[in-house]
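Okay, so here's the structure we're looking at.
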Amino acid sequence: MRALLFILKLLLKILVAPVILLLTVAIWICVGIVYISGLVLGLISMVVALLGVAVLIACSLQNGIILLVMAFLISPFGLPMPAIWLLGKVQDLKFAIQDLVYG
């Protein structure tokens, strides 16, 4: 009975190893994408924010506020933040699978 249980646990570990490897590689790729997009979107949001302030002062209050909201949404504190949160949840899932299978 113990030998059968040992074999089943070993088979489970062998079957789960590629899943953990795939999750690890996917997390690394996503972290790189989020890092690069954060840099690019940070620069773009700075330009849009400066443009929004200029429009706010020179032309229209409504258009200036719209540009400032757009700058916030594309900044690293806006829409990229849920992507970082979701990436953390995927990493938590990977660690939960590892703890469950490998002890």
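Observations
- Every pair of residues 6+ apart whose Cβ atoms lie under 9 Å, when the first sits in region 12-24 and is closer than 13 Å to residue 94 by Cβ while the second is part of a helix (DSSP H, G or I) and open to solvent by 80 Å² or more (accessible area, probe 1.4 Å): 16/100; 16/102; 20/102; 23/93
- Restricting region 13-57 to residues that are open to solvent by less than 100 Å² (accessible area, probe 1.4 Å) and over 29 Å from the mean Cα position of the chain (by Cα), the residue that is nearest to residue 102 (Cα to Cα) is 53.
- Only one of the listed residues (40, 34, 25, 16) is part of a helix (DSSP H, G or I) and modelled with pLDDT of 95 or more. That residue is 25.
- Residue that is farthest from residue 16 (Cα to Cα) [pool: residues in region 69-95 that are open to solvent by 80 Å² or more (accessible area, probe 1.4 Å) and assigned to a loop (DSSP other than H, G, I, E, B)]: 77
- Filter pass, residue 99 being open to solvent by 90 Å² or more (accessible area, probe 1.4 Å) and among the acidic types (Asp, Glu): yes
The values are calculated or read from the model by the stated rules, or taken from the named source; none is laboratory data. Since this is a predicted model, take the numbers as computed values, not measurements. Every residue, glycine among them, receives a Cβ derived from its backbone with ideal geometry; neighbour counts consider all protein chains shown. Keep in mind that these areas ignore ligands, DNA and RNA; they rest on the heavy atoms of the full protein, side chains included. Shrake-Rupley method; radii C 1.70, N 1.55, O 1.52, S 1.80 Å.
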